[in-house]
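First up is the structure itself, then whatever we jot down about it.
The values are calculated or read from the model by the stated rules, or taken from the named source; none is laboratory data. Just so it is clear, the model here is predicted, and its values are computed rather than measured. Because the Cβ atoms are built from the backbone with ideal geometry, glycine has one as well, and the counts that use them run over all protein chains shown.
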Amino acid sequence: MKLQAEQALHVFWVSSLMPGVSQCGLEERQLHPVIKAFLCGSISGTCSTLLFQPLDLLKTRLQTLQPSDHGSKRVGMLAVFLKVVRTESLLGLWKGMSPSIVRCVPGVGIYFGTLYCLKQYFLRGHPPTALESIMLGMGSRSVAGVCMSPITVIKTRYESGKYGYESIYAALRSIYRSEGHRGLFSGLTATLLRDAPFSGIYLLFYSQTKSLVLHDHLDAAFVPVINFSCGIFAGILASLVTQPADVIKTHMQLSPVKFQWIGQAVTIIFKDHGLRGFFQGSVPRTLRRTLMAAMAWTVYEEMMAKMGLKS
């Protein structure tokens, strides 16, 4: 009763200040669905980034190990983890957290916002086919990837431990002064070759498995669990397929002078590390991308449902 009174008072004051604006008009002034999708995506991206940043750091360190760093001995994720904790403390696992947040929060928001727009425009309410899922995922991720490329470069360099930037702004200024605008977009092609197929394959498997498992009579309490499980399955497959592109992207962003184009990067990585080099860091990356995507989609779907929007 109190809430209704407050709403009525609000309408009265707005109507007094803005004659001609009805309650219906006020409802129309609520947040646009695309803005809601952006906000839901940003919140889900924040949660998953905070939780899984250590896995991203371990992945970057494993990918940039040189043969001289460990001789003939193969170094695994646990060894790198212990080295980081021993030399940089436990908080060292969250190095690169600021650019990760700056990249992921708007980046995931842009992805989900673009995805929602494309779905509304092209699908018009009907469920996507397998090909449509791939195209929607690739298109949305490409838009987000281009927008956030400079922050992605900084994030990778922070995580590598080879650069000592004081802040994100200082990093942007330093890279632009020494490498020009190309430095801010180094590895963009490899990034898109990694992210676009990942999102396309992920959305394909996610939407298809979810449509097979979910039914109208299913208890609502099980829906988040099923969404998360479908996300895990889709994330593992998509991560393994796109792992080589991720390795190439990391090297191009850390050493843009040495790795100037994709063909050259492929040749050098194969020469230095062999075929195995294209799958360095696959375990932490698969864990992170799978858990992060599954959590982001689960949170996103729940928030969209609470806002009365169909994702």
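With the requirement that a residue be touching a residue at least 60 places away in the same chain (Cβ under 8 Å), crowded, with 17+ Cβ neighbours inside 10 Å and more than 22 Å from the chain's Cα centre (by Cα), what does the range 263-284 give you?
Correct list: A265, H273.
Just to be sure I understand the filter: pairs with C-beta atoms under 6 Å, separated by 6 or more residues or on different chains, first member in the range 226-242 and in contact (Cβ under 8 Å) with a residue 24 or more places away in the chain, second member buried (at least 23 other Cβ atoms within 10 Å of the Cβ) and among the aliphatic types (A, V, I, L, M). Which pairs pass?
From the range 226-242, the pairs are F228/A294; G231/A293; G231/A294; I232/A294; G235/A293; G235/A294.
Would you mention how many residues in the range 97-118 are touching a residue at least 60 places away in the same chain (Cβ under 8 Å) and among the aliphatic types (A, V, I, L, M)?
5
Considering each of I269, I248 in turn, give the residue that is at pLDDT 90 or above, touching a Gly at 6+ places or on another chain (Cβ under 6 Å) and of a type in the set (A, V, I, L, M, F, W, C). Before you say what the answer is, go through the steps one by one.
Values: I248 fails: touching a Gly at 6+ places or on another chain (Cβ under 6 Å).
Of the residues listed, the single one that is at pLDDT 90 or above, touching a Gly at 6+ places or on another chain (Cβ under 6 Å) and of a type in the set (A, V, I, L, M, F, W, C) is I269.
Being closer than 24 Å to G231 by Cα, polar (S, T, N, Q) and in contact (Cβ under 8 Å) with a residue 24 or more places away in the chain is the filter; apply it to the range 119-176 and report the residue that is surrounded by the most Cβ atoms within 10 Å (Cβ to Cβ).
My answer is S140.
Output the residue which, of all residues in the range 180-227 that are modelled with pLDDT of 85 or more and surrounded by fewer than 17 Cβ atoms within 10 Å (Cβ to Cβ), is farthest from G137 (Cα to Cα).
Top of the filtered list is G180.
Which residue out of L204, L287 is farther than 18 Å from K59 by Cα, of a type outside the set (D, E, K, R) and either touching a residue at least 24 places away in the same chain (Cβ under 8 Å) or in contact with a Phe, Trp or Tyr (Cβ under 7 Å, 6 or more places away or on another chain) (or both)? Before the answer, list the steps.
Values: L287 fails: farther than 18 Å from K59 by Cα.
L204 is the lone residue from the list that is farther than 18 Å from K59 by Cα, of a type outside the set (D, E, K, R) and either touching a residue at least 24 places away in the same chain (Cβ under 8 Å) or in contact with a Phe, Trp or Tyr (Cβ under 7 Å, 6 or more places away or on another chain) (or both).
Looking at the structure I just gave you, is G235 in contact with a helix residue (DSSP H, G or I) (Cβ under 9 Å, 6 or more places away or on another chain), more than 27 Å from C47 (Cα to Cα), in a helix (DSSP H, G or I) and small (G, A, S)?
Against the criterion (in contact with a helix residue (DSSP H, G or I) (Cβ under 9 Å, 6 or more places away or on another chain), more than 27 Å from C47 (Cα to Cα), in a helix (DSSP H, G or I) and small (G, A, S)), G235 does not qualify.
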